[in-house]
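Below is one structure; the comments refer to it alone.
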Amino acid sequence: VLVNSLSSTGISSNAWMWIIIGSLVGGLFGLVTAQRVPMTAMPETVALFNGCGGMSSLLVAIGVCLFPLVREAGDIGNGLVEIISIIVSVFVGAITFTGSVVAMAKLQGWLTTPSWMQSKFRHAINIFFAVLSLIGAIELFRTSGQVGLWLLVLGSGLLGIGVTLSIG
């Protein structure tokens, strides 16, 4: 899968080094955490690890957006697929991260559901955040600029909080 038509991986040895180091450090962290966390605290741990996956997706997408790959002359790239991938990764990553952090805090007992989040007003707030995310996605698609990116991050991050805060 990683080999392209020119029989090269397209990934430098320096990048592979960072991938391997990151995998080892993350695996070690997961191993130590899994051994030390009591079974009764596993739901909170799973929520926190899920949030880490969401943040990873979000950070990679932000990095690709802010520091785009410089293409050589004649290089055929698919900008449409790239920008759609960035938009989806930012949207899903931000919702996953913030929603998972809220879920973990609620499971731990650090956060309770505010009374106004039990009213129908919460739907209007969540729709507002969804529309803000949509505006950011359209702006990012249209211009590939930072304004759309940060609107999408803000809207989808707040949407993750809004949809999770009313649960439980």
>> Is there a quick way to get the dipole size of the chain? I mean about its Cα centre, with the Cβ of Lys and Arg at +1 and of Asp and Glu at -1; what is the value in debye to the nearest 20?
In response: 480
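Given C-alpha coordinates of segment 74-123, what is the ratio Rg to Rh with the Kirkwood estimate of Rh?
Values: Rg = 18.0 Å, Rh = 13.9 Å.
Result: Rg/Rh = 1.29.
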>> About the Cα centre, and with charges only on the beta carbon of Lys, Arg (+1) and Asp, Glu (-1), how big is the dipole of segment 66-162? Nearest 20 debye, please.
In response: 500
>> With a 1.4 Å probe and all protein chains kept in place, how much accessible area does I21 have, in Å² rounded to the nearest 10?
In response: 70
> the chain: Rg/Rh from Cα coordinates, Kirkwood Rh?
Replying inline: 1.05
>> Through the Karplus equation 6.51 cos²θ - 1.76 cosθ + 1.60, θ set to phi - 60°, convert the phi angles of segment 143-148 into ³J(HN,Hα) values in whole Hz; use x for Gly and Pro.
In response: 10, 6, x, 6, 4, x
> With r defined as the distance between the Cβ atoms of A15 and V88 and R0 fixed at 25 Å, what FRET efficiency is calculated, to the nearest 0.05?
Replying inline: 0.65
>> Given a 1.4 angstrom probe, I'd like the percentage of the accessible area of segment 61-168 that is carbon and sulfur, rounded to a whole number.
In response: 72
>> Apply the Karplus curve 6.51 cos²θ - 1.76 cosθ + 1.60, θ = phi - 60°, to the phi angles in segment 94-106 and return the couplings in whole Hz, x for Gly and Pro.
In response: 5, 4, 4, 5, 5, x, 5, 5, 5, 4, 4, 5, 5
>> Run through segment 92-126 and list the trypsin sites (Lys or Arg not before Pro) located in a DSSP loop whose Cβ has at most 14 other Cβ atoms within 10 Å.
In response: K120
>> Positive end of the dipole of the chain, charges at C-beta (+1 Lys, Arg; -1 Asp, Glu), about the Cα centre: which of F67, F29, S166 has its Cα farthest in that direction?
In response: S166
>> Leaving out ligands and nucleic acids, and using a 1.4 Å probe, what accessible area per residue does the chain come to in Å²?
In response: 65
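The values are calculated or read from the model by the stated rules, or taken from the named source; none is laboratory data. The structure presented is a predicted model; accordingly, all values stated were derived computationally and were not measured. Here the Cβ is made from the backbone with ideal geometry for all residues, glycine too, and neighbour counts use every protein chain on show. Remember, those area values only see protein heavy atoms, side chains included, never the ligands or the DNA or RNA. Shrake-Rupley method; radii C 1.70, N 1.55, O 1.52, S 1.80 Å.
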